[in-house]
Amino acid sequence: MQLQNLVKPIEEMTDDELRERLRQVRANRVKERPAAKARVKRETKKGGQGRLKNAEYLLLSLSPEEREALMKELGA
């Protein structure tokens with residue numbers, strides 16, 4: 001199949017068809033794209049997730065005395 005068979009060339013479109021095509025283009029520009037939004041969310045989540053788990057494991061591995069000393073150091 002060739003592109004000419006799939007899409008009607010702009011030169012051959014009537015005024016009404018051109019207006020409808022313009023309306024579609026404008027609507028697609030503002031259409032919500034959930035896949036793109038999910039990809040951005042996943043990428044932002046990916047970076048901090050491992051570090052948080054590592055920090056939790058480190059804090060859990062500390063003894064109560066070491067936790068108390070750490071809290072005094074941090075000023076909490």
Dipole magnitude of the range 13-74 about its Cα centre (Cβ charges: Lys, Arg +1; Asp, Glu -1), debye to nearest 20: 400
Positive dipole terminus of the range 13-74, leading residue within LEU60, ALA27, VAL40 (C-beta point charges): ALA27
Shape box of the chain [Cα atoms, principal axes, largest first, Å]: 81, 29, 13
Estimated 222 nm signal from helices in the chain, with DSSP H stretches of n ≥ 4 weighted -39500 (n - 2.57), rounded to 500: -25500 deg cm²/dmol
Extended-chain gain in nm, criterion 0.36 nm per residue less alpha-carbon gap, ARG23 and SER61: 7.6 nm
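Any read-out appearing in this document is the output of simple, stated calculations on the displayed coordinates, not a laboratory observation. These numbers come from a predicted model, not from an experiment. Neighbour counts are summed over all protein chains in view; Cβ atoms, including those assigned to glycine, are modelled from backbone coordinates with ideal geometry.
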